[in-house]
1. May I ask you to list the residues in the range 114-147 that are under 21 Å from V166 (Cβ atoms) and open to solvent by 70 Å² or more (accessible area, probe 1.4 Å)?
2. Mind checking which residues of the range 103-113 are surrounded by fewer than 16 Cβ atoms within 10 Å (Cβ to Cβ) and aliphatic (A, V, I, L, M)?
3. Show the residue pairs that are 6+ apart or on different chains and have beta-carbon atoms under 7 Å apart, the first residue being within the range 85-99 and of a type in the set (S, T, Y), the second being open to solvent by less than 20 Å² (accessible area, probe 1.4 Å) and not in a loop (DSSP other than H, G, I, E, B).
4. Which condition from (1) open to solvent by less than 60 Å² (accessible area, probe 1.4 Å); (2) at pLDDT below 95 is the one that G100 breaks?
5. When you go through (1) under 17 Å from T135 (Cα atoms); (2) touching a Lys or Arg at 6+ places or on another chain (Cβ under 6 Å) one by one for M57, which number turns out not to apply?
6. What are the residues in the range 27-37 that are in contact with a helix residue (DSSP H, G or I) (Cβ under 6 Å, 6 or more places away or on another chain) and in contact (Cβ under 8 Å) with a residue 24 or more places away in the chain, if any?
7. Which of the following residues is in a helix (DSSP H, G or I), at pLDDT 85 or above, more than 25 Å from the chain's Cα centre (by Cα) and under 25 Å from K106 (Cβ atoms): A156, A178?
8. Among the helices (runs of 4 or more DSSP H) confined wholly to the range 1-95, which include 1 or more residues that are exposed (fewer than 15 other Cβ atoms within 10 Å of the Cβ)?
Amino acid sequence: DGNVHNARLIILASIYQQTGFLFGVLNINDRATINYQEAIKISEIVDDKVGLTDITMNFGEFCLRANKLDSAFMLEKMALQYSNISGLKVLQGFMMRVIGQVYLQKGKLDSAKTYLLNAAKASQIQNNLADEADTYIPLSELYKINNQFDSSLHYAKKSLEIYKKVRVPAGINKAYSAISAAYELQGKSDSAFAYLRIAKTFSDSLSKAEIQKIYQFQNIDFNYKEALQEEQKQQGRRANRLKIYGLVSCLGLISIFSLFLFRNNRQKQKANSQLQ
C-alpha cells in the first residue's frame with residue numbers, strides 16, 4: 001500500500017521469525033521463544049495476517065517439539081484462523097498435522113486420527129508433498145498404537161516414497177525407523193533389522209552434518225558476540241576520551257579564567273598603588 005514504515009516492520013517481523021526458527025532447531029528454546037513472540041507482536045501492530053499465519057504456525061510446531069502441548073494447540077488453531085482470513089491455505093495441512101500430533105501425545109487417538117487424515121488430504125489437495133510425508137509418520141505411529149500394523153507399515157512406506165522424491169534426508173531417516181518398527185511388530189525381524197541398519201547409517205551421517213553446522217553456527221555466534229564486546233569496549237574508550245577531553249577543556253577554561261582574574265587583580269593593585 002506504499003507505507004514504507006509498515007513494510008519495514010513486516011520485514012523485521014520476518015527476521016525475528018527466522019531467527020526464532022533457527023534457535024528452535026538448535027534447541028536454544030528461550031531465545032527461540034523471545035524471537036517468535038517479538039515477531040507476533042510486530043505483525044499484530046501492522047495487522048499482517050499473512051505474516052501471522054506463518055509465524056503462529058512455525059511457533060506452534062516449535063512448542064510441539066519443546067513439549068509445550070497446550071501452547072502448540074492454541075498457536076496452530078490461531079494459524080488456521082489467520083490462514084482463512086489471509087487466504088494462505090497451502091500450509092493448512094501442516095497446521096492440522098501439528099494439532100493431530102498434540103492429540104496423539106495426549107492419548108486422544110480418535111481426535112488425532114481425524115486431524116492427521118484431514119491434514120494428509122489438505123496437503124494432497126495443495127500438492128504439498130513435504131507436509132504430506134510429514135503427516136504419514138505420526139499416522140504410522142497412531143496405527144502402531146492401535147495395533148493396526150499393516151496400516152502402520154503402509155503409511156511409513158508412503159512417507160519414505162515421498163521423502164525420497166523431495167530429497168529430505170531427515171525425513172528419510174524417520175521413515176526408515178518407522179518401517180523398521182512396523183516390521184518388528186509384525187514379527188518380521190530380518191526386515192526390521194535391515195531397515196534399522198539403514199536408519200542407523202542415515203542417522204550417523206546426519207548427526208555428523210548437524211554437529212558440523214552447529215559448530216559453524218556457534219563460531220558465527222561467538223564471533224558476533226566477540227565483535228559486539230569489542231565494539232562496546234571501543235564505545236567505552238570513546239566515552240572515556242570524551243570525558244578526558246571535557247575535563248581538559250574545563251581545566252583549560254578554569255586556567256584562562258584564573259589568569260584573567262589574576263591579571264585583573266594585579267592591575268587593580270597597581271592602580272591602587274599609583275593612587276596612594
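1. Selection gives K121, Q124, I125, Q126, N127, E141.
2. To start, the set of residues in the range 103-113 that are surrounded by fewer than 16 Cβ atoms within 10 Å (Cβ to Cβ) comprises 105-111.
Correct list: L109 only.
3. Listed pairs, sorted by first residue: S86/T53.
4. (2)
5. Checking M57 against (1) under 17 Å from T135 (Cα atoms); (2) touching a Lys or Arg at 6+ places or on another chain (Cβ under 6 Å), the one that fails is (2).
6. Applying the first criterion (in contact with a helix residue (DSSP H, G or I) (Cβ under 6 Å, 6 or more places away or on another chain)) to the range 27-37 yields 31-32, 35-36.
Listed by number, the residues that qualify are A32, Y36.
7. Working: A178 fails: at pLDDT 85 or above.
Residue meeting the stated conditions: A156.
8. Details: elements: 4-25, 29-45, 49-65, 69-86.
Hits in the range 1-95: 4-25, 29-45, 69-86.
The values are calculated or read from the model by the stated rules, or taken from the named source; none is laboratory data. Everything numeric here is computed off the predicted structure, so don't read it as measured data. All Cβ positions, glycine included, derive from the backbone under ideal geometry; neighbour counts span all protein chains shown. What goes into the accessible areas is simple: the full protein's heavy atoms, side chains included, and nothing from ligands, DNA or RNA. Shrake-Rupley method; radii C 1.70, N 1.55, O 1.52, S 1.80 Å.
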